[in-house]
Amino acid sequence: MHTWILFALLTVASWGIYGVLLHSGQMAMGDPQNGRYKAFFWVGIAYFLIAVLAPAGMLLAAKASWSMPSKGVLLSLLAGVVGAVGAFGVLLAFGAKGNPAAVMSIIFAGAPVVNAFVAMSLHPPAGGWSSLDWRFLMGIALAACGGLLVSLYKPAPGGAPTPANQTAPK
């Protein structure tokens with residue numbers, strides 16, 4: 001197996017857990033009015049720890065040059081902005097009574113579709129748009145349908161889980 005696949009699967013697992021933990025953190029803040037903002041504050045702290053300190057440490061360890069072209073800095077900063085706006089959008093969707101399973105399904109089905117079209121707009125396919133394989137287009141349609149179906153037919157939430165050390169009443 002290629003190493004990149006393992007890293008991609010790490011991201012799938014992390015982002016698959018993200019929405020559930022974010023919603024749980026928002027609810028655990030005990031502040032229906034501002035809990036989502038408090039949760040997002042701590043998400044920002046985590047981003048700082050992982051996205052600033054970790055790469056800085058790796059750059060220092062590699063004795064890398066700190067020279068960075070302005071275009072690379074600008075595009076990377078823009079990527080961070082759209083990522084943060086997206087994360088904030090998740091919280092706003094939860095705050096508007098969006099079910100975490102539906103919200104995250106729409107996001108994870110819709111984002112690859114948007115990614116495909118933006119990537120093809122920036123880097124058009126050889127032979128133009130008319131040369132796209134029907135299976136690629138079918139994949140985009142199936143991703144969108146999958147997000148819709150999961151959102152429409154998500155299971156209803158059950159009661160709060162019973163802790164493992166607690167016995168049921170007799």
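The values are calculated or read from the model by the stated rules, or taken from the named source; none is laboratory data. These numbers come from a predicted model, not from an experiment. Positions of Cβ are generated from backbone atoms using ideal geometry, with glycine treated the same way; all protein chains shown enter the neighbour counts.
Mind listing whichever residues of the range 84-107 are at pLDDT below 90, in a helix (DSSP H, G or I) and not aliphatic (A, V, I, L, M)?
F94, G95, P100, S105 - these are the residues of the range 84-107 that are at pLDDT below 90, in a helix (DSSP H, G or I) and not aliphatic (A, V, I, L, M).
Regarding L60, is this residue exposed (fewer than 11 other Cβ atoms within 10 Å of the Cβ), within 22 Å of the chain's Cα centre (by Cα) and either modelled with pLDDT of 90 or more or of a type in the set (S, T, Y) (or both)?
Spelling it out, it is not the case that L60 is exposed (fewer than 11 other Cβ atoms within 10 Å of the Cβ), within 22 Å of the chain's Cα centre (by Cα) and either modelled with pLDDT of 90 or more or of a type in the set (S, T, Y) (or both).
Can you spot a residue in the range 27-35 that is touching a Lys or Arg at 6+ places or on another chain (Cβ under 8 Å), farther than 20 Å from A111 by Cα and surrounded by 12 or more Cβ atoms within 10 Å (Cβ to Cβ)?
Pass one, the range 27-35, residues touching a Lys or Arg at 6+ places or on another chain (Cβ under 8 Å): 29, 31.
Still in the list and also farther than 20 Å from A111 by Cα: 29, 31.
Pick out the ones that are also surrounded by 12 or more Cβ atoms within 10 Å (Cβ to Cβ) and you get 29, 31.
Yes: the range 27-35 contains one or more residues that are touching a Lys or Arg at 6+ places or on another chain (Cβ under 8 Å), farther than 20 Å from A111 by Cα and surrounded by 12 or more Cβ atoms within 10 Å (Cβ to Cβ).
Going by what's in this entry, would G110 be described as assigned to a helix (DSSP H, G or I) and surrounded by 11 or more Cβ atoms within 10 Å (Cβ to Cβ)?
Working: assigned to a helix (DSSP H, G or I): yes; surrounded by 11 or more Cβ atoms within 10 Å (Cβ to Cβ): yes.
Judged against the criteria, G110 is a match.
I'm told V113 meets every condition in (1) modelled with pLDDT of 90 or more; (2) within 18 Å of L142 (Cβ to Cβ) except one. Can you identify the failing condition by its number?
Evaluating V113 over (1) modelled with pLDDT of 90 or more; (2) within 18 Å of L142 (Cβ to Cβ) leaves (1) as the failure.
With the checklist (1) in contact (Cβ under 8 Å) with a residue 40 or more places away in the chain; (2) surrounded by 13 or more Cβ atoms within 10 Å (Cβ to Cβ); (3) part of a loop (DSSP other than H, G, I, E, B) in hand, flag the one item P157 doesn't pass.
(2)
Would you say F88 is in contact with a His (Cβ under 7 Å, 6 or more places away or on another chain), surrounded by 10 or more Cβ atoms within 10 Å (Cβ to Cβ) and under 25 Å from S24 (Cβ atoms)?
no
Let me confirm something: among G127, G110, G146, G98, which residue is touching a helix residue (DSSP H, G or I) at 6+ places or on another chain (Cβ under 9 Å) and free of Cβ contacts under 8 Å to residues at least 24 places away in the same chain?
Selected residue: G98, the only one of G127, G110, G146, G98 that is touching a helix residue (DSSP H, G or I) at 6+ places or on another chain (Cβ under 9 Å) and free of Cβ contacts under 8 Å to residues at least 24 places away in the same chain.
Between W15, W4, which is within 20 Å of the chain's Cα centre (by Cα), surrounded by fewer than 10 Cβ atoms within 10 Å (Cβ to Cβ), at pLDDT below 90 and among the aromatic types (F, W, Y)? Even if it seems obvious, please write down each step before you answer.
On the way: W15 fails: surrounded by fewer than 10 Cβ atoms within 10 Å (Cβ to Cβ).
That would be W4, the only listed residue that is within 20 Å of the chain's Cα centre (by Cα), surrounded by fewer than 10 Cβ atoms within 10 Å (Cβ to Cβ), at pLDDT below 90 and among the aromatic types (F, W, Y).
For Y37, are the conditions met, namely being outside any loop (DSSP other than H, G, I, E, B), over 28 Å from P155 (Cβ atoms) and in contact (Cβ under 8 Å) with a residue 40 or more places away in the chain?
Yes; evaluated as a whole, the condition is true for this residue.
Taking the criterion of being under 18 Å from the mean Cα position of the chain (by Cα), surrounded by 10 or more Cβ atoms within 10 Å (Cβ to Cβ) and closer than 20 Å to A102 by Cβ, would at least one residue in the range 40-56 satisfy it?
Looking for residues that are under 18 Å from the mean Cα position of the chain (by Cα), surrounded by 10 or more Cβ atoms within 10 Å (Cβ to Cβ) and closer than 20 Å to A102 by Cβ, one finds at least one in the range 40-56, hence yes.
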